[in-house]
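In what follows, a single structure is set out as structure tokens and then discussed.
Every number in this text was worked out from the coordinates using simple rules, so none of it is lab data. Small disclaimer: the values here were computed from a predicted structure and weren't measured. Cβ sites come from the backbone with ideal geometry, for glycine too, and all protein chains shown count toward neighbours.
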């Protein structure tokens, strides 16, 4: 995509992240998702005559923590401004946002696509209030409906520089951004419920040209999959237009999931003139030195920290690292399990990325709600490492634990009868019997087809009912056959 | 005993305290008065039934020895841009004609806590936009001194109601003079407190950085008692000042010995005051001087830019503040049945009056792309200069004395043809709002002629120094009786 | 500053105000006069003057993140058109 029919794409992203506060940004209404429509509303968030906003401290803290996490300059004096426009979901006829002087500026995020780390500039992060929700599927086809529960939920708007050059980079950027917000416990990152939303500015230009092409704005993309698809389609569309000698029109387009294409917004497109001005109802937001210093000191673990540890310190394979970093709960689970079984991070990672992940994939709460306690998994892996159970047996134990039929892996292993036999005489006898009864395979092995050993190991295991360490069987077989 | 209609709040409070009067009697008298003076059109909603219940409650409290202070049982009015839960709050606009307030304004809540009886919602210029009360969707209010004249605006209904004895005090709002100018035109006392002194929560906004709630009463003492109830920090208003509240009533008798009073040269040069106004203001200053004040001339050099500055800032803020009236969540909706865009246009086009539309258009224009810096930002810079003028002046004096308006109440219809002429009449009051200082109007004379009209003296104080202003007002009212003059019955007789 | 009728219409559209023909002419005249009047501000040198955006000088106060039980539907009692819990408007496309 970086060089596509002689064009390259230039992408900038605007992310709106709902901040995880209990109450709204300017009033005490709850922020919880999924309530009865228009039950979480009051005179302030409905913009009643005479109602006034008072800023929620927690929203500021979330935004500052995020700004610090991406290396922003924190403007210790920032200003709330009114963005004026009319829309049914916008109660006051203006949105309280930040304009001239946002809370955070000049940050950076490194994205890694195919092992090539690239710094992506973040122009600004500012606080604003969310709008309500317009609904168009109701009882009366001549009407639209509005639910104001979301109006006033705090948002951080995160604006990237036009530094992204491909849909893949855009997705990598979004994944990293989302991970940071989740690590900070500032946003739940739920794209379906709209708590992490993305608009994209896209343009294309001939490779080598430094001036930017005319951009379009894509709205309504609510999954990573759609981000990639929408961007790919829009880039193709723009290249088609230019290749045909046409001109890209500056406009807002929506991603149409069903038609699988972007289309211009149907609503009447008017020239936007938001008439921003400082909100006279709110004084400047001041983050004093003490407050800022405390937030700096409280810097929590970030995805980059975990990545450095898993990759650099523990030497885990890249796909495992990616998964354990992006899914914070899974990464936390890994660390907890590892603390019980510190000697074998690869094995722990392997279990967590495969078995634990499969178990909790669709569960609410993710790995944090896994029925197998990380401590138990760590203990189980310890049993494997100590040669007490084989991996096949360990898997059986894991399912016992997962089903809630046991909590102590050692006890479960005994109950299931999967503890390995520690009887070298029985093993030697079984090996001898298998060699004696598998003439053809033995010949093949000795003729150089060494992979046939797998079959022989299996035969021994079968005779011993699996209660023996396959590695040990393998070793013994080789010793006999190679002798 | 003087007629109930002539009592000041302070006097009524004393009678209630002595049990020489009940709140029920007083409230009934005010309600009767309201009926009698309907021609003034000062009332948008008379809350007769509620008021009588509140009066009875007050009498019961008093009988039980649990009276809440000087305002307990006192019938008061509230300008109809201030919210009372469960009562319509129209802001004088058709667009809110049927809007029932969901909550009490903080100032109202505090009056209730003080035991006051809330008797009427009072007429005003639509959304507080006007200087004559002629921009009300409920028709103009009339001046009790001469019903062919304006009571001033925008708190015209409040000033007229206090002057005519419909209630013993009122809450008004003052964005560019809307308490002080009608107080002067109707011969009552009115204070615009320092910005941030009284909560704006529950006050229908006109221009948020200029609006302030304040009391109107029959004397400086009445105003001080009302201030004691309504002033103070409110966590629901982010611009409310977290400052201790003094006992304003104690300032009334403090006297002016040694008080430094400044006369702004520009106010006397620029305004084109009538001879009556100039003489009355000079006489009042002489009274203060005789009482021990030290009078000197000062300069407020940017005064002449105040009106231009004000109309840019106030309309810009208003254009945004009034965007919420879209006929979706509340207010009257006009739906021509041709879709959402038309609903907005018709609702707002038909719901707002001409002056409101004019100001929304001006404000929209000055904030719009390409004009912001030249108009809005520049106006805010000039506002800084005006504010500095006050800072410098208040380094040398404690209170500034000036006229309120160049003329006494003008005739209804006199200035409606040309909005700019109407704006220019606010020359003396507007700087106070821009500068974030406090200002008061006290009666200081009557014009000559067959139908004398009240003249007001303006007293301006440092931010949060309402006490010095009240002290000067108190001294003036100690030495003169202009504040005791009542309008003639029917608005045609002699005072 | 003279202001054209098209400009008046543009501003009126931004502000969602329907204006009749007579009103447009009236507003054009009045706004022109007011803008002429405010021209006097251009005579002032304000190059180094900070704009005054508020009459209060403090920092904005901050609330604790505490939920206050909302009045909910009661706060929409004045809505001109409702359908169940929802507020209704003429159908529009996004």
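Modelled spin-label separation between residue A:405 and residue C:22, with each label point placed 7 Å from Cα along the Cα-to-Cβ direction: 9.0 nm. Inter-part distance, the stretch B:161-230 to the stretch A:111-169, computed on C-alpha centroids, equals 45 Å. Panel order for B:247, B:146, by other beta carbons found within 10 Å of each beta carbon, from fewest to most: B:247, B:146. Residues of the stretch B:358-390 with amide nitrogen under 16 Å from the 7 Å Cα-to-Cβ point of residue C:10? Under 16 Å, as judged by backbone N against the label point of residue C:10, lie B:361-375 of the stretch B:358-390. Using the Cβ-Cβ distance between residue B:250 and residue B:395 with R0 set to 35 Å, the FRET efficiency works out to roughly 0.85. Each of residue A:225 and residue B:39 was given a label point 7 Å from its Cα along the Cα-to-Cβ line. The distance between the two points is 7.9 nm. Calculated [222 nm] ellipticity per residue, helices only, for the protein assembly as shown: -11000 deg cm²/dmol; basis is -39500 (n - 2.57) per DSSP H run with n ≥ 4, divided by all residues, nearest 500. Per residue, the convex hull spanned by the Cα atoms of chain B measures out at 134 cubic angstrom. Going by neighbour counts of Cβ atoms within 10 Å, the residues B:277, B:87, A:111 line up, fewest first, as B:87, A:111, B:277.
So what's Rg/Rh here for the stretch A:303-416, counting alpha carbon atoms and using the Kirkwood radius for Rh? Could the numbers behind the result be given before it?
Working: Rg = 13.4 Å, Rh = 13.9 Å.
Here Rg/Rh amounts to 0.96.
Using R₀ = 22 Å, calculate the FRET efficiency as 1/(1 + (r/R₀)^6) where r is the Cβ-Cβ separation of residue B:417 and residue B:279; round to 0.05.
Values: r = 30 Å, r/R0 = 1.35.
Efficiency computed from Cβ-Cβ geometry: 0.15.
Between C:81, C:66, C:47, the GNM of chain C built on Cα springs shorter than 10 angstrom shows C:81 fluctuating the most. Its convex hull of Cα atoms gives the stretch B:304-380 a direction-averaged projected area, equal to a quarter of the hull surface, of 5.8 nm². Among A:471, A:92, the ranking by other beta carbons within 10 Å of each residue's beta carbon, starting with the fewest, stands as A:471, A:92. Ellipsoid semi-axes for the stretch A:11-75, based on the Cα gyration tensor and the rule √(5λ), read 26, 15, 12 Å when sorted largest first. With R₀ set to 30 Å, the beta-carbon distance separating residue C:85 from residue A:192 gives a calculated FRET efficiency near 0.85.
The three principal axes of the Cα atoms in the stretch A:424-482 give end-to-end lengths of 30, 19, 17 Å, sorted in falling order.
Step by step: find N for the stretch A:78-126, compute 2.2 N^0.38 Å, then divide the Cα radius of gyration by it. What's the final number? Show your work: numbers first, answer last.
Working: Rg = 16.3 Å, N = 49, 2.2 N^0.38 = 9.7 Å.
My calculation over the Cα atoms of the stretch A:78-126 gives 1.69.
Kirkwood analysis of the stretch B:381-420, using all unique Cα-Cα pairs, places the hydrodynamic radius at 13.4 Å. Figure legend: label point modelled 7 angstrom from the Cα of residue A:265 along Cα→Cβ; residues of the stretch A:74-102 with amide N under 11 Å from it are A:86-87. Using alpha-carbon pairs under 8 Å, 6+ residues apart, how would you state the relative contact order of chain A in percent? Relative contact order for chain A comes out at 13 percent.
For the peptide B:309-319, the mean number of other protein chain Cβ atoms found within 10 angstrom of a residue's Cβ is 3. Relative contact order of the stretch B:30-138, please, whole-number percent, based on alpha carbon pairs below 8 angstrom and at least 6 residues apart. Answer for the stretch B:30-138 is 33 percent.
Distance distribution P(r), chain A, all Cα-Cα pairs, bin width 20 angstrom from 0: 19, 42, 26, 12, 1 percent. Compared with the direct C-alpha span, the chain from residue A:73 to residue A:478 gains 139.4 nm at full extension, assuming 0.36 nm per residue. For the stretch A:414-470 versus the stretch A:34-94, the spacing of their alpha-carbon centroids is 68 Å.
Helix A:374-385 and the longest principal axis of the Cα set of chain A meet at an angle near 30°.
To one decimal place, what Kirkwood hydrodynamic radius in Å is obtained for the stretch A:378-474 from all pairs of distinct Cα atoms?
Values: mean 1/r = 0.0697 Å⁻¹.
Radius from the Kirkwood sum: 14.3 Å.
By the Stokes-Einstein formula, at 0.692 mPa s and 37 °C, the protein assembly as shown with its Kirkwood radius over alpha-carbon pairs has D equal to 99 µm²/s.
Dividing the mean sequence gap of close Cα pairs (under 8 Å, 6+ apart) by how many residues chain B holds gives a relative contact order of 18 percent. What the Kirkwood sum gives for the stretch A:1-109 is a hydrodynamic radius of 16.6 Å, with every pair of different alpha carbons counted. Take the Cα radius of gyration of chain C and divide it by 2.2 N^0.38 Å, with N its residue count; two decimals is plenty. Against the empirical 2.2 N^0.38 Å value, I get 1.81 for chain C.
What do you get when you divide the Cα radius of gyration of the stretch C:1-43 by 2.2 N^0.38 Å, with N the number of residues? Present the calculation step by step, with values, prior to reporting the outcome.
Numbers: Rg = 11.2 Å, N = 43, 2.2 N^0.38 = 9.2 Å.
The stretch C:1-43 yields a ratio of 1.22.
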